[in-house]
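J.: This is the structure I have questions about; it appears just below.
What follows is calculated from the coordinates using simple rules that are stated; it is not laboratory data. Being a predicted model, the structure only gives us computed values, none of them experimental. We place every Cβ from the backbone using ideal geometry, glycine too, and count neighbours over all the protein chains shown.
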Amino acid sequence: MKYIYVFVLCLSLFACKKQVVDDSPIQSNWLLPLIKGNLSLNDLTKLEGKSFQYQITPNDIGMPANLMVSSPNLEIDFIGPFAIPTQEIIKYLKVDSIEVSMKIQNLFPVNFNSGFTITMRSSKDTATTNNILFSTTFSNALQTNGKDSISLNINNVTINDSIYFFIEHLQIDAFNNVIFNENIPIEFTINKVRLNEIALFSNQSIELSDTVVFDAGNLSSIYDSGNSAISDSSISGYFNFYTDNAMPIFSKMQMVFMKDAERKDSVFENSFILDGASVDGAGNPTNVVSKKNVVNIRKSKLKNIEKSNKIIYSFSINTNGYMVPYVVISKNNLLGLQIVSDLKLILNPFKF
Amino acid sequence: MKKLSLLFVGLFCSQILFAQINIASLHNQNADAENSFLNPSMIGNEYKNFKISFLPFYANFGNNFTSAGDVINYVKEFNKKSDSIQVNTSTVNGIMNNLKKTNLIYAGADVTMFNVGFNIHRKRKVFLEFQLSARQHIHANISLPQELFYLFYKGNKYYENQSIDILPKINALQYADYGINVAKNFHLKLNQKTNLIIKPAVRFRYLVGTANVNTQNSKLDFYTAPDGRYIEASLNGQVLQSYISEKTFSNLNTNSISSLITKGAGTGFGVDFGVSAKMNDQISASVSMVDNGSIQFNENAYTISSKYAYRWEGYDWNKNIDSFIIKKDMLNLDSTAGAYKVNIGSKLMISGSYGFGKKASFKRYLNHYHHTVSLFYVQGFQNYLNATKSPMLSVGYSYRLKNILNAGVNASLGGLTRGSLGAHVHFGLGPMQFGFATNSLGYLVSKYNARGVDLQFYSAFNF
């Protein structure tokens, strides 16, 4: 009988389990891909939507400004060039297609007869027709104060340093006692461009920098619940920037948070670095360079950002170190980018 | 000392073992008619000629991963509505630390519609023992993988570069069975003082399935690539279902309901085996294998399958946002009408008992000791319906006064609820008898050991 009592007692003891109190915060670690995609040279060269304004002055047609003048018929062979420049770093651009629109308003006190043309040339030379990329003729006269616009679609052209526009074969009837007191505004807008290839001179760089006003708002509501017992923030971790670069360009990017003249913090510890692909003798890329840049999200950084009132951002690209005269980027050479968060969250399991 | 050592070794081993059945009832020798459904050789032990039961039932609900105490504590914390991250996390941490590899939630009921046992005598001795029964069963079992909880609790970094199946598995079955059980005693006289009775028994069951759903073979694999470069979810689903779908319910009418009740949606056969040995009415041992059988569902039976993989690498600005939305046709859902077969959850049970104290006799046919200690071991073979792969070891004591009173307690380890304390009581008033049993008394000792609740009631006429 005693064995039975012992047996039941032991069984009960084994069945009972002491509660171990584990009151540590619930920490959840998440790896989550946020965003990804490929950038092509068409994405990086933001030409679309760019506008360029020019003016035709009375001098361009051989008339003085703000004086009463009279003239017999005028025949002007060329007015221009009106250049849409490319960057100095660019050796050439091979364009699959480009769509440019032009707007003109005749503010001269004389009419332009029908039949004048707008010509787009790859160089300033008007003595040859070999550099004409596109030409279109206005079939209607442009009256005083009249407006007109045209749209140019050009395919498969190579542009070197700039595109040059000319107004050619302009005819004006004889006029008496008129005053040229205004210029004629012309606006060119690149509506659409599809690049096939771009060549960049080696050992060149472009740097952009700007300062913008910044207000982080109430960032503390995100990083801190106001609980002093938790030494770290409720959210911390990293944003990992993964790049796979098939373009032969190096780049560097940074955003610095400032409080007036005082540097408070920056997005990247040591700038976002992008290494360029290697090239062959013709400047064509031969490999893909993968790199990881890390943004550390910690409470102190978020606090610093909250205190900032402006951001200085800087961006540079260069072709330094290449031993060929120029490097070539085709539309198939992509820059792959992916941002993955590696976050540590402190969870409240009683709050949904 | 040697015996005590063996006892401790046995108890320790039972900790690493892992079936949910009404174990408390098994310690009640007077509930032989009900217990015979777990061992067919238990019929005929407690009556001379005839026994008829009146709608006895057993219902239970339980799980193997969280206790009543955990749930109470969680609700208390939840009601505080705290916005702070400094909350009492011990409850949640405790639940998570106690999770099993497979976490089960089970609910079920067995209702005996008709149960008659009768003995056939020859030369004033029992020649054959018979039992006719009709029962209704409904069992539902949900298994939740540990990985599902940990994924939300610890985050997917915990499973970096691992593929984990996070799909809960559901199986539910409602069926009726019509059984005939037959047993025969074989008397062996080993020597002048030792009589041995060996009783083999077998129950044949005609099974009528009413409704079923089974997702046992479905998988949802979740994979986090190194450094989180991508996350992939691969669904490989297979759902067997009969009379479960909304469409089926909407098409139900008086005739179809009548047909469902009488003919069922599927039929099958089952068989239970058992054999027991009793020596001098004092020591007994038995082994049984029950719920061996299957049901083939033919009516409104469908196999729904789906295969789909979704890979997330971040929002891709090169793609249209519509490409990230999962549409129904992408899931490759296929519903095929056709018969399928499901089993009913086999279990193995081994038991032993020892009677001591004063020996008594009731109406000359029933000899028993006032005190009995019994031991049961129950083993399921899969986490399915009312079977679990977690073995159960139970020891119990009962005090018996003829057929008037039988009361006892038991303690169990393993099984679905990982341990329980139970009790039973039986009253006999002449030919009429009734009793209760439960395995839910663990709460009285500690709310942290209570992971289920159950109740059995029976009443019968005994001649």
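J.: Apply the Karplus curve 6.51 cos²θ - 1.76 cosθ + 1.60, θ = phi - 60°, to the phi angles in the range B:189-199 and return the couplings in whole Hz, x for Gly and Pro.
T.: Taking θ as phi minus 60°, the curve returns 9, 6, 7, 4, 9, 10, 10, 10, 10, 10, 10 Hz for the range B:189-199.
J.: Moving to a separate point now. Compute the distance in nm between two label points, each set 7 Å from the Cα along the Cα-to-Cβ direction, one at B:ASN292 and one at A:LEU107.
T.: Roughly 10.4 nm, to one decimal.
J.: I want to make sure I understand the PRE zone here: with the label point 7 angstrom from the Cα of A:ASN181 toward its beta carbon, which residues in the range A:103-122 have backbone N atoms less than 16 Å away?
T.: A:107-110
J.: Considering only A:ALA65, B:ASN462, A:ASN284, whose Cα is most displaced toward the positive end of the charge dipole of the protein assembly as shown, charges sitting on Cβ of Lys, Arg (+1) and Asp, Glu (-1)?
T.: Result: B:ASN462.
J.: Loop only by DSSP, 10 or fewer other Cβ within 10 Å of the Cβ. Give me the trypsin sites (Lys or Arg not before Pro) in the range B:163-216 that pass, ordered by residue number.
T.: Passing both the DSSP loop test and the Cβ count: B:LYS193.
J.: On the principal axes of its Cα set, how long, how wide and how thick is the range A:49-157? Give whole Å, largest value first.
T.: For the range A:49-157, the Cα extents along the three principal axes come out at 47, 27, 26 Å.
J.: Next question, about the same structure. Run the dipole for the protein assembly as shown about the Cα centre, Lys and Arg Cβ at +1, Asp and Glu Cβ at -1, nothing else charged, and hand back the magnitude in debye, nearest 20.
T.: Dipole magnitude for the protein assembly as shown comes out near 7320 debye.
J.: Within the set B:LYS101/B:LYS389; B:LYS169/B:LYS447; B:LYS169/B:LYS341, which residue pairs have Cα atoms separated by over 22 Å?
T.: Too far apart for the 22 Å limit: B:LYS169/B:LYS447.
J.: Continuing with this model, one more query. Give me the net charge for the shell around B:ALA460: Cβ to Cβ below 13 angstrom, other residues only, Lys and Arg +1, Asp and Glu -1.
T.: That sum, taken over residues with Cβ under 13 Å, equals -2.
J.: For the range B:378-446 and the range B:264-335, what is the centre-to-centre distance using only Cα atoms, to the nearest Å?
T.: Distance between centres, Cα-based: 29 Å.
J.: If contacts are Cα pairs under 8 angstrom and at least 6 residues apart, what is the relative contact order of the range A:45-200 in percent?
T.: 46 percent
J.: Let me ask something else. Over all residues in B:310-317, what is the mean tally of Cβ atoms on other chains that come within 10 Å of each residue's Cβ?
T.: Averaged over the peptide's residues, the number is 5.
J.: Sticking with this one: Cut-off under 16 Å on the C-alpha distance; same-chain residues fewer than 8 positions from A:LYS264 excluded. Which aspartates and glutamates are left, in chain and number order?
T.: Candidates past the 8-residue exclusion: A:ASP215, A:GLU306.
J.: Counting Lys and Arg as +1 and Asp and Glu as -1, each charge on the Cβ, what is the dipole of the range A:204-347 about the Cα centre in debye, to the nearest 20?
T.: So the dipole magnitude of the range A:204-347 works out to roughly 200 debye.
J.: Using amide H atoms built in the peptide plane, which far-off residues or other-chain residues are under 5 Å from B:PHE114 H to H?
T.: Those qualifying (amide H under 5 Å, at least 5 residues apart or on another chain) are B:ALA134.
J.: Something else now. Treating the beta-carbon of each Lys and Arg as +1 and of each Asp and Glu as -1, no other charges, what is the dipole magnitude of the range A:45-200 about its Cα centre, to the nearest 20 debye?
T.: 400 debye
J.: Treating the range A:95-226 as a set of equal point scatterers at the Cα positions, no solvent, please give the Debye-formula log₁₀ I(q)/I(0) at q = 0.11, 0.15, 0.21 Å⁻¹.
T.: -0.60, -0.87, -1.27
J.: Residues of the range A:182-198 with backbone nitrogen within less than 18 Å of a virtual label 7 Å along the Cα-to-Cβ line of A:MET68, please, listed as ranges.
T.: From the range A:182-198, the list is A:182.
J.: Whole-Hz ³J(HN,Hα) for each residue in the range B:367-384, computed from phi via Karplus 6.51 cos²θ - 1.76 cosθ + 1.60 with θ = phi - 60°, x for glycine and proline: what do you get?
T.: Each residue of the range B:367-384 in turn: 9, 7, 9, 5, 10, 9, 10, 10, 10, 10, 10, 10, 9, x, 10, 7, 7, 8 Hz.
J.: Work out the mean other chain Cβ neighbour count within 10 Å for the residues of B:224-231 and drop it here as an integer.
T.: Mean shielding count: 5.
J.: How high is the FRET efficiency from B:THR267 to B:LEU132, r the C-beta distance, R0 25 Å, rounded to 0.05?
T.: With R0 = 25 Å, the Cβ-Cβ based efficiency is 0.85.
J.: Then there's this: Which Cα, out of A:PHE315, A:GLY217, A:LEU337, lies furthest along the positive dipole direction of the range A:204-347 (beta carbon charges, K/R +1, D/E -1)?
T.: Result: A:GLY217.
J.: Can you pull a Stokes-Einstein diffusion coefficient for the protein assembly as shown at 20 °C (1.002 mPa s), Rh from Kirkwood over Cα pairs, as a whole number of µm²/s?
T.: Roughly 61 µm²/s, to the nearest whole number.
J.: Largest first and to the nearest Å, give the Cα extent of the range A:204-347 along each principal axis.
T.: The Cα atoms of the range A:204-347 stretch 62, 35, 21 Å along their principal axes.
J.: Cross-link list A:LYS91/A:LYS331; A:LYS307/B:LYS157; B:LYS123/B:LYS184; B:LYS359/B:LYS402: which exceed 22 angstrom alpha carbon to alpha carbon?
T.: Among A:LYS91/A:LYS331; A:LYS307/B:LYS157; B:LYS123/B:LYS184; B:LYS359/B:LYS402, the Cα-Cα distance tops 22 Å for A:LYS307/B:LYS157.
J.: With point charges of +1 on the Cβ of Lys and Arg and -1 on the Cβ of Asp and Glu, referenced to the Cα centre of the protein assembly as shown, which listed residue (B:ALA183, B:ASN367, B:SER420) lies farthest in the positive direction of the dipole?
T.: B:ASN367
J.: Go ahead and estimate [θ] at 222 nm for the protein assembly as shown from helices alone: -39,500 (n - 2.57) per DSSP H run with n ≥ 4, summed, over the residue count, rounded to 500.
T.: Computed ellipticity for the protein assembly as shown at 222 nm equals -3500 deg cm²/dmol.
J.: Shielding by partners for A:32-43, please: the mean number of other protein chain Cβ atoms within 10 Å of each residue's Cβ.
T.: Per residue, the number of nearby Cβ atoms from other chains is 5 on average.
J.: If every alpha-carbon in chain A counts as one equal scatterer, what log10 I(q)/I(0) does Debye give at q = 0.08, 0.09, 0.13, 0.15 1/Å?
T.: Taking Cα atoms of chain A as identical point scatterers yields -0.65, -0.75, -1.06, -1.21.
J.: Rounded to two decimals, what is Rg over Rh for chain B when you use alpha-carbon atoms and the Kirkwood radius?
T.: In chain B, Rg relative to Rh is 1.04.
J.: Here's something else I'd like to know. Could you work out how far helix A:2-15 tilts from the main Cα principal axis of chain A, as a 0 to 90 degree angle to the nearest 10?
T.: Between helix and principal axis, roughly 20 degrees.
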